[in-house]
Amino acid sequence: MRPLLVATPIALLGLTAALVAWLLVPGAPAATASSAAPALRDFTLIAQEVDWELMPGTTVRAWTYNGTMPGPELRVTEGDLVRVTLVNRLPVPTTIHWHGVDVPTHMDGVPGLSQPAVQSGETFVYEFTATNPGTRWYHTHQDPEIQTHLGLYGSLIIEPKTPPAGQPTHDREFTYLLSEWSLAMTPEVATGRASLPHSGPGAPHAKQPDFDLFLMNGKVHDSIQPITFKRGERIRIRVINAGSLVHTIHPHGHSFKIVATDGNPVPPAAQLTKDSVTIGPSERYDLEFVATNPGVWAFHCHMEHHMANGMMTTIRYEGSQPAVAGPHQHAAPPATAATAATAPAPAQTYVAAAGVATPHKVVMTDNRYAPGALTVPTGSTVAWINNGTNLHTASAFDGSLDSGAIPTGRASTFTFTKPGTYSYFCRQHLLNGMSGTVTIE
């Protein structure tokens, strides 16, 4: 275990001397506990490898803090003494950088410059005063093109000790961290136990991989939590780009004001009103709007490839339903007891598209099923064949069928043993209109 390192900021030494001198003044009131020392905020972040579900049917091996991607949100107040214990349970060295916070140089987390890398099995303690109030974040600075990509990042929110005069309060607040995912960049590749395969038609990977999925808070599509609130509420959305690509965030049905950039407040006279904001790697934007347009609205990256492959969720007013009738929900519920008793087991194995023997086929392109409605006899096997370039699924709204993510050129088959109509959708592209039905006679 690495020895405990504790930073003592010069500012604290000066504050102590000032307090001693002040206490010696005749008639001075007694110092309170809050004025004697800043509040201590103590956190532990365990860097560890876990199975992480990006969406149902797509589980990957990720490097995480405390088993989640992104890591836990750390929320403190300006002036707090922040102590973070990093426990490294990864097979490789790692560090943590506090992005946007003016910490002492030996707390900055850059291996070979600020500190030695924290080796596998070691512990290191970061300690600093919370400065620079606003939307900040933390991430590894050891092999960041690999380790950050695999999930070692999280949000750090520093509340101002004294809110700026005239700043409105917010009824609800949401934080979204944007990132990308390559299915080929696995921990085995990161540690040299496997080589990088090709991704797509003849496209070799490098340390800047070809990304397959685009994440919001470590999830894609219907697994991303929606933004839910009531009419009349004032909403703040903190958007953090933890990835290596540019993303353009666009809410439907609402314009917003940019009230902070990189965590720093924007004066009211300089606040832009927009309906899209382009966010570069590591940048942050705080967006604000008042909820005045009830409904269920899309909230997504406007780079169509990113939207079509994960970076899309919804804005939902409480009590509102989608304008299109049907079983649209945030995520397909699990099968009921009655459904589970009669439905076949979900299909989770794939075959080559050329090897599909059944005559009952649904071809998936980007982003639709053909045919959209299929009628077959009881006992028939149906094959969903992915002829597109995106990943697709066939997932029943009642949970009775879930193919998992079907790669390009592969197919998933399912045998229907009970009559009825099965309504299904693509977990990645429902909000692009990708749904269909299979009727069993």
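Out of everything in the range 50-87 that is surrounded by fewer than 19 Cβ atoms within 10 Å (Cβ to Cβ) and small (Gly, Ala, Ser), what residue ends up being nearest to Pro133 (Cα to Cα)?
So, considering only residues that are surrounded by fewer than 19 Cβ atoms within 10 Å (Cβ to Cβ) and small (Gly, Ala, Ser), the one nearest to Pro133 (Cα to Cα) is Gly79.
Every residue in the range 165-198 that is part of a loop (DSSP other than H, G, I, E, B) and hydroxyl-bearing (Ser, Thr, Tyr), please.
Within the range 165-198, Thr169, Ser182, Thr186, Thr191, Ser195 qualify.
May I ask you to say which residue of Pro72, Pro91 is outside the structural domain of Ile224 (by TED's automatic domain parsing), under 30 Å from Cys426 (Cα atoms) and not in a strand (DSSP E or B)?
Sole residue among the options that is outside the structural domain of Ile224 (by TED's automatic domain parsing), under 30 Å from Cys426 (Cα atoms) and not in a strand (DSSP E or B): Pro72.
Could you tell me which of the residues Glu53, Glu78, Glu49, Glu122 is among the acidic types (Asp, Glu), more than 24 Å from Gly192 (Cα to Cα) and modelled with pLDDT of 95 or more?
Glu78
Specify which of the listed residues (Gly218, Gly253, Gly232) is at pLDDT 95 or above and buried (at least 18 other Cβ atoms within 10 Å of the Cβ).
Result: Gly218 is the single residue among Gly218, Gly253, Gly232 that is at pLDDT 95 or above and buried (at least 18 other Cβ atoms within 10 Å of the Cβ).
Return yes when Val290 is surrounded by 17 or more Cβ atoms within 10 Å (Cβ to Cβ), closer than 30 Å to Glu78 by Cβ and of a type in the set (A, V, I, L, M, F, W, C) and no when it is not.
no
The values are calculated or read from the model by the stated rules, or taken from the named source; none is laboratory data. Predicted model, so just to flag it, every value in this text is computed and none were measured. Backbone-built Cβ (ideal geometry, glycine too); neighbour counts: all protein chains shown.
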